[in-house]
Amino acid sequence: MSHIHSSAAVAPGAVIGEDCRVGPGCVIGPDVVLEAGVELIAHVMVDGITRVGAGVKVFPFATIGMAPQDLKYKNEPTRCEIGPRTLIREHATIHRASVGGAGVTVVGADCMLMASAHVAHDCVVSDGVILANNVMLGGHVNVGTGAFVGGGAAVHQTVRIGRLAMVSGLAGVTNDIPPFGFVFGLPARLVGANRIGLLRRGASREQLRTLRLAYNLLFKEGGDFAGRLAEAEQRYAEEPLVAEILTFVRDPARRRQLVRPGRMAAPELGGGDEETGEAA
């Protein structure tokens, strides 16, 4: 049996699952579905065509499924989906999708969005992601499974962040981050691999050594990027962690990749000669 506080406003048509708790001052729109065991502590607003997965817990003054901050949006029936067991802290904002994308903003299962984190329209945040306080994701950002984005980091629209990548606090991310990358700074630069995260998930020392060699070849050395990519495929394609990076880089949706300090960003494949000037 669900418990809905007398001061909560639940619109006709909203679906409230078993064992949900809707606290004081919450507002739930007519096209919202709360699956079993969802808890909205107090003063939470959920609107739009939004599904909140089982066991999600939302803290006060968070908003989910509100209209996107996009002037092209004219109240089209786009969606927002939150995966099960995700934790959404105070003042976090998750907007429904705008037009021109897949029509849905997604936050996966077992994520944690700390206070005042923002997930813009059409983002896809995969399972197990942590967004620390005041993280800002622009529209159409894709965050891979298990990634961590540090407090106050800003991620430019359409950027992809690979699986188990780590973004330092206050970083300004304008280019793609490959899987397992660790980035730092404003503007953000790739400074290595997320070794601790990989070790915690069972990667061997030999795998980490191979990964470091592949990272150096792809993102630190000079010369033609397409040639370095082909060389990395020849040398390291049998290593699953490296193969995942190569697939990410080869994706036709890719933007420019982040690289090690002292190098300009790697270009699009087929996009001309690489700029290899040293950073100022």
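Nothing in this text is a laboratory measurement; each read-out follows from the coordinates by a stated rule. No experiment lies behind these values; they were computed from the predicted model shown. All Cβ positions, even for glycine, are placed from backbone atoms using ideal geometry, and neighbour counts span all protein chains on display.
If you build a Gaussian network model of the chain, linking Cα atoms that sit under 10 Å apart, which residue out of A243, A171, A203 swings the most?
Result for the chain, Cα springs under 10 Å: A203 fluctuates most.
Between the range 1-28 and the range 154-171, how many Å separate their Cα centres?
35
What is the gain in length, in nm to one decimal, between N216 and S2 on full extension, counting 0.36 nm per residue of separation less the C-alpha to C-alpha distance? The partial results should precede the final answer.
Details: separation 214, 0.36 × 214 = 77.04 nm, distance 5.45 nm.
The span from N216 to S2 would gain 71.6 nm if fully extended.
Put a dot 7 Å past each Cα toward the Cβ at T247 and A36; how far apart are the dots in nm?
3.3
How many angstrom lie between the Cα centre of the range 49-79 and the Cα centre of the range 101-120?
Between the Cα centres of the range 49-79 and the range 101-120 lies a distance of 9 Å.
What span do the alpha-carbon atoms of the range 50-91 cover on each of the three principal axes, reported in whole Å from largest to smallest?
That works out to 33, 19, 9 Å along the principal axes.
Around F182, which amide H atoms from residues at least 5 apart in sequence, or from another chain, sit under 5 Å from its own amide H, with H modelled in the peptide plane?
Answer set, sorted by chain and number: M166, V191, G192, A193, N194.
Provide the FRET efficiency to the nearest 0.05 for the R201-E76 pair, computing r from the beta carbons and using R0 = 45 Å. It would help to have the intermediate numbers written out before the result.
Working: r = 39 Å, r/R0 = 0.87.
Using R0 = 45 Å, I get an efficiency of 0.70.
If you compute Cα extents along the principal axes in Å for the structure shown, which of (i) 55, 44, 34; (ii) 53, 39, 38; (iii) 66, 41, 31 do you land on?
Here the calculated entry is (iii).
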